[in-house]
1. Inspect segment A:272-280 for any residue being open to solvent by 10 Å² or more (accessible area, probe 1.4 Å), polar (S, T, N, Q) and touching a residue at least 24 places away in the same chain (Cβ under 8 Å) and give the result as yes or no.
2. Tally the residues that are more than 18 Å from A:VAL111 (Cβ to Cβ), hydroxyl-bearing (Ser, Thr, Tyr) and exposed (fewer than 14 other Cβ atoms within 10 Å of the Cβ), restricting the search to segment A:17-65.
3. Does segment A:66-81 hold any residues that are open to solvent by 20 Å² or more (accessible area, probe 1.4 Å), within 12 Å of chain B (Cβ to nearest Cβ) and touching a Gly at 6+ places or on another chain (Cβ under 8 Å), and which are they?
4. Pairs under 7 Å by beta carbon, first residue of a type outside the set (Val, Ile, Thr) in segment B:89-113, partner open to solvent by 80 Å² or more (accessible area, probe 1.4 Å) and within 16 Å of ligand 1 (Cβ to nearest atom), six or more apart or different chains?
5. So B:LEU118 fits all but one of (1) closer than 30 Å to A:VAL62 by Cβ; (2) within 16 Å of ligand 1 (Cβ to nearest atom); what number is the exception?
6. For residues that are free of Cβ contacts under 8 Å to residues at least 40 places away in the same chain, under 15 Å from the mean Cα position of the chain (by Cα) and outside any helix (DSSP H, G or I), tally how many sit in segment A:5-52.
7. Pick from B:LYS85, B:LYS103: which is open to solvent by 40 Å² or more (accessible area, probe 1.4 Å), at pLDDT 90 or above and either among the aliphatic types (A, V, I, L, M) or more than 23 Å from B:PHE168 (Cα to Cα) (or both)?
8. Would you confirm whether any residue within segment B:47-60 is within 16 Å of ligand 1 (Cβ to nearest atom), under 30 Å from B:ILE173 (Cα atoms) and surrounded by fewer than 19 Cβ atoms within 10 Å (Cβ to Cβ)?
Amino acid sequence: MGQEEIRGLLPVLELYLSNPLVIMMLEILLIFIKVVVVTLVVFSLPLPLTYMERKVAGHIQVRLGPMRVGPHGILQPLADMIKLFFKEDIIPSKADPWLFRIAPVISMVPVFAVFATIPFGDKITIPFINYEVSMYISDMNVGILYVLAIAGLSVYGIILGGWASNSKYALLGGLRSSAQMISYELALSFACIGVVMIVNSLSLVDIVKAQSGWHWNIFYQPVGFVIFFIAGLAEINRIPFDLPEDEGTLGAGYHSEYSSMRFAFFMLTEYVAMVSMSILAVLLFFGGWNGPSFLPGIIWFVIKVVLCIYFFMWTRFTFPRYRYDQLMSIGWKVLLPLSLLNILITGLIII
Amino acid sequence: MNELSTDNHKNSSSLSIKDLLKKVFFIDLIQGLFITFNYTFTKTITERYPDDEKWIPYKRFRGLHTLNRNKEGKELCVGCELCQKSCPTQCITVIPMEDKTGKGIADRIAYRWEINLLRCMFCGLCEDACPTEALKLGREYELASFSMQRQIRSKEELIKPQPIPVEFEGGVIVRATLEKGDKEIKVKPDLSVQKRWW
Ligand code: SF4
Ligand code: SF4
């Protein structure tokens with residue numbers, strides 16, 4: 001079709017687009033497309049992330065990391081994926097077969113569900129038909145509450161997985177993760193409340209919009225950010241708080257008995273959780289897609305998230321692991337009072 | 001913040017202001033982060049063996065046996081069987097024969113000279129026993145193979161010139177290429193491109 005013909009079609013298209021039924025259908029179609037795209041992207045994210053993690057680890061330890069599959073080992077994650085696919089899927093004979101099978105899925109679904117409210121950018125307009133598309137699946141008015149609540153659900157999968165394996169190490173890992181989740185979820189939510197008080201809205205889109213023009217929340221809520229970050233590290237089970245899968249004492253923790261694709265699901269969950277935590281940090285404290293205007297918002301957003309993920313990896317290969325009682329006392333005796341104090345002071349300043 | 005400290009008991013009871021500030025602003029943790037960050041951009045010390053690089057050992061290395069010739073190209077081994085007798089694991093077989101054609105330095109050469117690498121422990125006693133300095137433990141160390149037969153190496157192979165010249169000092173990493181044969185896998189070094197990370 002030539003340029004002329006497309007121009008000729010435009011009035012017809014516009015006529016169509018003014019029909020409310022068509023608009024509704026289009027809207028539904030659009031949401032569907034967005035859901036599919038986001039799910040696919042999130043599903044494939046662990047591939048580059050495992051590669052990145054291993055490269056970061058390698059270079060921090062003055063090694064090279066994966067080098068052999070493809071140029072600079074770039075195809076290593078694919079090779080790993082194929083390997084995981086074809087490995088034997090072992091279910092221990094004394095395990096609870098149903099729970100054992102379903103646990104990875106239970107932990108995986110919530111971390112994907114989180115992405116329903118996460119805004120990746122502002123509205124963009126598709127050229128020619130002047131149709132506005134928002135870069136988020138839905139703008140819930142309780143966005144941040146939803147994210148925190150749903151993300152917390154994924155610990156059920158870990159507990160069930162640990163319990164169903166019928167292995168003491170897995171069970172201990174599961175128990176540890178539940179205790180950790182309970183203690184740090186509080187501090188995490190309280191740290192978010194500071195931001196919510198400043199912005200006066202629970203919607204993630206509003207929170208980002210309020211930070212436009214360098215009014216990033218990290219400048220107004222530094223303590224909140226530190227609490228958020230530490231609690232976030234604990235929430236996504238990463239070093240220094242990765243006690244549920246503490247290799248030193250628990251074998252591999254809650255996924256000791258898992259192999260093949262079910263293990264891959266747990267890994268996927270972990271990486272996606274890391275991504276969503278980084279995204280949350282960027283949205284709440286680093287101004288989301290706001291940035292100097294020479295790059296489009298979505299690029300800024302991606303850059304910030306990648307930097308945040310890099311920081312998570314960087315800490316992982318720098319810090320040792322805390323002891324379990326230290327973890328608990330940091331959570332309850334330090335972070336929780338501090339976050340309450342933070343809310344109090346923020347409230348006083350706002351008044 | 002007391003619980004965070006790993007100090008001994010003497011210090012933890014009296015936490016000085018300086019220590020407290022250090023903990024509140026995560027000074028130690030930030031220092032740690034900077035150390036690892038610096039390491040991220042230092043040169044890596046990985047030796048990419050067998051794909052790209054290979055370690056060439058020093059001259060004193062005791063690898064696969066080599067049988068040598070003198071400057072005129074005559075076989076130094078006179079088939080005296082001393083190496084066979086001195087070997088603690090009895091893995092050398094020497095069958096001498098008379099030879100008047102001048103292949104060797106005397107009128108006696110080895111008809112068969114075989115070494116069973118499956119038993120050899122590379123102690124080097126055979127090398128010490130050899131009166132004519134024919135036998136030397138060389139620098140070849142890639143001895144894995146697809147068949148047991150390959151582990152018995154005979155004179156015909158050992159007397160060939162070595163891939164790494166005897167004069168080469170060694171103790172370096174050189175550029176190399178991986179070569180997969182049907183009998184074994186070898187990494188061929190290219191001595192002209194050397195690299196030291198230290
Ligand atoms: S190196 Fe030692 S074990 Fe090996 S052949 Fe020589 S004497 Fe025997
Ligand atoms: S290698 Fe040396 S010791 Fe062994 S038979 Fe030959 S000359 Fe004698």
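The values are calculated or read from the model by the stated rules, or taken from the named source; none is laboratory data. This structure is a prediction, so every number in the text was calculated from the model and none was measured. Cβ: placed from backbone, ideal geometry, glycine included. Neighbour counts: every protein chain shown. When the accessible area is computed, the model is the full protein with side chains, heavy atoms only, and any ligands, DNA or RNA have been set aside. Shrake-Rupley method; radii C 1.70, N 1.55, O 1.52, S 1.80 Å.
1. Yes: segment A:272-280 contains one or more residues that are open to solvent by 10 Å² or more (accessible area, probe 1.4 Å), polar (S, T, N, Q) and touching a residue at least 24 places away in the same chain (Cβ under 8 Å).
2. 1
3. Listed by number, the list holds a single entry, A:MET67.
4. B:CYS91/B:ARG119
5. Every condition holds for B:LEU118 apart from (1).
6. Counting residues in segment A:5-52 that are free of Cβ contacts under 8 Å to residues at least 40 places away in the same chain, under 15 Å from the mean Cα position of the chain (by Cα) and outside any helix (DSSP H, G or I) gives 0.
7. None of the other options fit; the residue is B:LYS85.
8. Yes, segment B:47-60 contains at least one residue that is within 16 Å of ligand 1 (Cβ to nearest atom), under 30 Å from B:ILE173 (Cα atoms) and surrounded by fewer than 19 Cβ atoms within 10 Å (Cβ to Cβ).
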